[in-house]
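Asks: Can you read through this structure? Questions will come right after.
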């Protein structure tokens, strides 16, 4: 299967293969108290990006995430030649989400979401674009105008530990 690489985490400066930077975002931007951090790690000889932290529901909170712009500022990525997002991931048995954003997402809480379980072994996870559902918006996902991707621990109080060794679009 053909892939278009987003990142394989072989660098150590949080700069993706697209030339944009990974960054953490949490519910603290809106008064929550969840805490998350990203690090580089090597697990079973695989270099990876690791999101760890505690998701807490206090003060109407409930998420931590690592996010990446999929295109330079004020532009978008056309993924119409692709079928979806592929991850090589492992975790602590919890359910996580991939959130996509387009220019239609005008509010910070809006996104297109697909969920996956990250077990304690490395797995390849394919998330077809049709599995992404709109959250708090009506517009369907326009894969010709992708702006940002987020790997998210959300919605319930738990300890997050998610490692990603590779993220790509797949055809």
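The values are calculated or read from the model by the stated rules, or taken from the named source; none is laboratory data. What you see is a predicted model; the values in this text were computed from it and never measured. Glycine also receives a Cβ, built like all others from the backbone with ideal geometry; neighbour counts cover every protein chain displayed.
Asks: Go through the range 1-10 and give me each residue that's over 15 Å from the mean Cα position of the chain (by Cα) and surrounded by 13 or more Cβ atoms within 10 Å (Cβ to Cβ). Reasoning before the result, please.
Replies: First pass over the range 1-10, keeping only residues over 15 Å from the mean Cα position of the chain (by Cα): 1-4, 10.
Result: 3, 4.
Matching residues to (1) assigned to a strand (DSSP E or B); (2) at pLDDT below 95; (3) more than 19 Å from residue 8 (Cβ to Cβ); (4) touching a strand residue (DSSP E or B) at 6+ places or on another chain (Cβ under 7 Å):
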site: 126; (1), (2), (3), (4): yes, no, no, yes
site: 134; (1), (2), (3), (4): yes, no, yes, yes
site: 138; (1), (2), (3), (4): no, yes, yes, no
site: 150; (1), (2), (3), (4): yes, no, no, yes
site: 169; (1), (2), (3), (4): yes, no, no, yes
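Asks: Right, residue 143: buried (at least 17 other Cβ atoms within 10 Å of the Cβ) and in a strand (DSSP E or B) or not? Don't jump to the end; show me each part of the working.
Replies: Working: buried (at least 17 other Cβ atoms within 10 Å of the Cβ): yes; in a strand (DSSP E or B): no.
It is false that residue 143 is buried (at least 17 other Cβ atoms within 10 Å of the Cβ) and in a strand (DSSP E or B).
Asks: Confirm whether residue 147 is over 17 Å from the mean Cα position of the chain (by Cα) and under 25 Å from residue 28 (Cα atoms).
Replies: Numbers: over 17 Å from the mean Cα position of the chain (by Cα): no; under 25 Å from residue 28 (Cα atoms): yes.
So residue 147 does not fit the description; no.
Asks: For the range 14-26, check the following and say yes or no: at least one residue is more than 24 Å from residue 3 (Cα to Cα) and touching a residue at least 60 places away in the same chain (Cβ under 8 Å).
Replies: Yes, the range 14-26 contains at least one residue that is more than 24 Å from residue 3 (Cα to Cα) and touching a residue at least 60 places away in the same chain (Cβ under 8 Å).
Asks: Hey, which of the strands (runs of 3 or more DSSP E) in the range 22-90, taking only ones fully inside, have at least 3 residues that are in contact with a strand residue (DSSP E or B) (Cβ under 7 Å, 6 or more places away or on another chain) and crowded, with 20+ Cβ neighbours inside 10 Å?
Replies: 46-55, 63-69, 84-90
Asks: OK, next. Testing residue 43 on (1) more than 18 Å from the chain's Cα centre (by Cα); (2) within 26 Å of residue 144 (Cβ to Cβ); (3) touching a residue at least 24 places away in the same chain (Cβ under 8 Å), one condition comes back false. Which one is that?
Replies: (2)
Asks: Same structure again: Which of (1) assigned to a strand (DSSP E or B); (2) touching a residue at least 24 places away in the same chain (Cβ under 8 Å); (3) within 26 Å of residue 27 (Cβ to Cβ) is the odd one out, the single condition residue 115 does not satisfy?
Replies: Every condition holds for residue 115 apart from (2).
Asks: Follow-up. Under 8 Å between Cβ atoms, which residue pairs at least 6 apart in sequence (or on different chains) link something in the range 85-99 that is at positive phi and free of Cβ contacts under 8 Å to residues at least 60 places away in the same chain with a partner that is in a strand (DSSP E or B) and surrounded by fewer than 18 Cβ atoms within 10 Å (Cβ to Cβ)?
Replies: Taking only residues 6 or more apart or on different chains, the pairs are 93/117.
Asks: Being assigned to a strand (DSSP E or B) and under 21 Å from residue 6 (Cβ atoms) is the filter here, so list the residues in the range 91-112 that pass it.
Replies: The answer is 96, 97, 98, 99, 100, 101, 111, 112.
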